[in-house]
Every structure is written in C-alpha cells, then in structure tokens.
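Below: one structure, written as structure tokens.
We did not get these values from a lab; they are worked out from the coordinates using the rules stated. These numbers were taken from a predicted model, which means no experiment stands behind them. All Cβ positions, glycine included, derive from the backbone under ideal geometry; neighbour counts span all protein chains shown.
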Amino acid sequence: MKRRNFIKNAALSSAGLAVGSSLVGCVDNPSEEKKEATLISQSSKTPIAICTWGFVDANAKAGEELSKGTKALDAAISGVEVEEENIKNTTVGKGGAPDREGNVTLDACVMDSNGDCGSVLCVENITNVAELAKRVMTETPHVIIAAKGAEEFAYRQGFKKDNLLTENSKKAWEKWLESPEYKPLINIENHDTIGMLCMDNDGDIAGACTTSGLSYKMKGRVGDSPIIGSGLFIDNTIGGAVATGMGEEVLKTVGSFLIVELMRNGMSPQKACEEAVNRITSKNNRYKDFQIAYIAINKAGETGSYCIHKGFTYMKYQDGKNEQIHSDFFNKA
Ligand code: SD4
C-alpha cells in the first residue's frame, strides 16, 4: 500500500485505545494544577509515534507498525531504520558525515517499556545500529558496548559489514579539510539525529535514538545520543523524552532523564521540555551558538517539544495522521 493511502486508511480504521486519565500530577501552584489536570484528563488515542525533525517517512513507518499491533520498541526501531538506511541523510546511519579523520562512527541506544536498555558507541561499518543496541539489551548481560567490540558483536549477530562513507559524504569531508574548522551549525540542513518515542496499542512507551554525531568531530568523540538518560529516557509509568542538538550540553544536564523526572513531578511534556532547555540556557551564555531540542510524551499520550533556536520541527503520528509540528523556542531575540 502506498504510504499516503496507508495514512488515509489508518485514519478510517484506527482502533487504538484511549489512555490518559490515570496520570497523577503534583504541581505547586494551584492554578497550574488546574491547567495540568485539564490537560491530563483529555484522553489520547493510541498508537502515537513522535520523532525529531521532519523525518516524515520514518515516523509514518513507525505509525504503520504500531497500527498493525507491533510493540513500541520494535516500531521505533523500524521507524529510525528508515533514516539509518537513507544515504541522503548526512547525520544518521549510512551516508552520515565522518569524523575529522574520515571515519563514519555511529551511536545509538534503545529503551524499552520494562526499563531495559541497550546502547552502542562509536561503531563503524554497521548501518542499523539501533537494532544493534537492542541486541546488546537482549543478547548480552551489558547495557553499553563500544567501538570494535560492538562491531564484532554485530557480525556475530549476523549484521552485514557496510561502507558507511558515501561518495557525497567523502567529497564534503574533503572540502571541509581544505580549511578545517570545527563549528557545528545550528539546524544544519534541518535534518539531524533521529530520536523516536512510540506509544503502542497497549499504552506502553519505548524509544530509540540513532546518529552519526556531530560532523567532523574528534576521533572517538561520543555525544548524548547513545547515553541513556541524556539522549533518551523512558519510564513507562511516566513517559519518555529524547534529545537532538549539541550533545555535550545535553550530557551536562542529563536532559532526557530530567524531563521524565519533571513529568513525574507533575509537569506536562511541554513544560518539562521548556524547563530542560532553561537549565542549559540559564547557565551557558554561549547558547546562541548551538541548538538543543527535546521532544517528550507522557503516559496520558500528551506530547511536547522545546528548543533553543527557531527552526526545529518534529513529527507526530496519531489517529492515522502524520503531522509535522513547529516547535516553540527559547531565543526570541
Ligand atoms: C550528538 N546529539 O552527537 C548528537 C547530534 C545531534 O543535532 O543530534 N545533532 O551530539
């Protein structure tokens, strides 16, 4: 079925369940409490998939899987794989920009609704690193496996060796070498790390995050994306969050864990994302030079997003519709 028809048909036959009346919030300010309570009592229809940036096809794929009854984690992985395999995307998977020495190294993590997680860091020659992170979770006693160890584990798991440096990425890197300057651009080409959060028909939440990291990073550099709590965090009783942007700043504030904890204390996903961005901008006056964006979902199926600079969008699949949403942002100057 063509994707557009699928979305249309899904809208007609969507049989997801409504969730949302059981989230307990405790908010200091009583008027805020009222607002929160109103929001929380609105029921949301499952399934729901949200992902960073305008990755229309990836989010549609996750929505399609969820609508067929696939559980949240597998749906998220099949969604992000669309971008891992998209060689035109220079920030995720095959075709990702290399480090300054010309090596494409990928980072990914997954977190399931039962609290299990897996992560791979700095992996070369393997395209589907989110699935590899899942195998770390399911097939090993560990949570994180890095570099060569992760690559060798991938081959033992039947993954194929692949050259991740495409002709186009190689040319761009060679051009960069003519006057090498490490200066990550804000909203570079408007596509970036894909982080995805899915709520399935049972109301369970899981997520995946996968990236080639910052273009022309130092050899061995790892950002926030594969670090549980920073790039991604899920607590299936509360919700989930995922980050994109300058990983160093997300790491310093353990951004995704922070958002889930703020939601635990009664904030909506929107407010929690805003507070996590504020934690960064309030103590780092260089925020004008980098972008950070968060998206989040709570157990009621409400979603939110916030970023530092204008230009970040995210995708939301719900009730058969796959929409691109422009995020609110901090820097209105
Ligand atoms: C990193 N957070 O490696 C990733 C890159 C990214 O928008 O998301 N850029 O720091």
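For every other residue with a beta carbon closer than 14 angstrom to the beta carbon of Val136, add +1 if it is Lys or Arg and -1 if Asp or Glu, then tell me the sum. Once positives and negatives cancel, what remains is -4. The trypsin sites (Lys or Arg not before Pro) found in region 251-333 that occupy coil by DSSP, while having at most 11 further C-beta atoms within 10 Å, are Lys283, Arg286, Lys332. Our coupling estimate for region 77-91, obtained by passing each phi through the Karplus curve with A = 6.51, B = -1.76, C = 1.60 and θ = phi - 60°, is 5, 5, x, 5, 4, 4, 7, 4, 9, 7, 6, 7, 7, 8, 10 Hz, Gly and Pro reported as x. Neighbour counts of C-beta atoms inside 10 Å place Thr244, Thr52, Thr253 in the sequence Thr253, Thr244, Thr52, starting with the fewest. The trypsin sites (Lys or Arg not before Pro) of region 51-94 that meet both conditions, a loop assignment by DSSP and at most 12 other Cβ atoms within 10 Å of the site Cβ, are Lys68, Lys88.
Highest average first, the peptides 204-216, 229-241 ordered by how many other beta carbon atoms sit within 10 Å of their residues are 204-216, 229-241. Per-residue Cβ neighbour counts within 10 Å put Ile259, Ile292 in the sequence Ile292, Ile259, beginning with the fewest.
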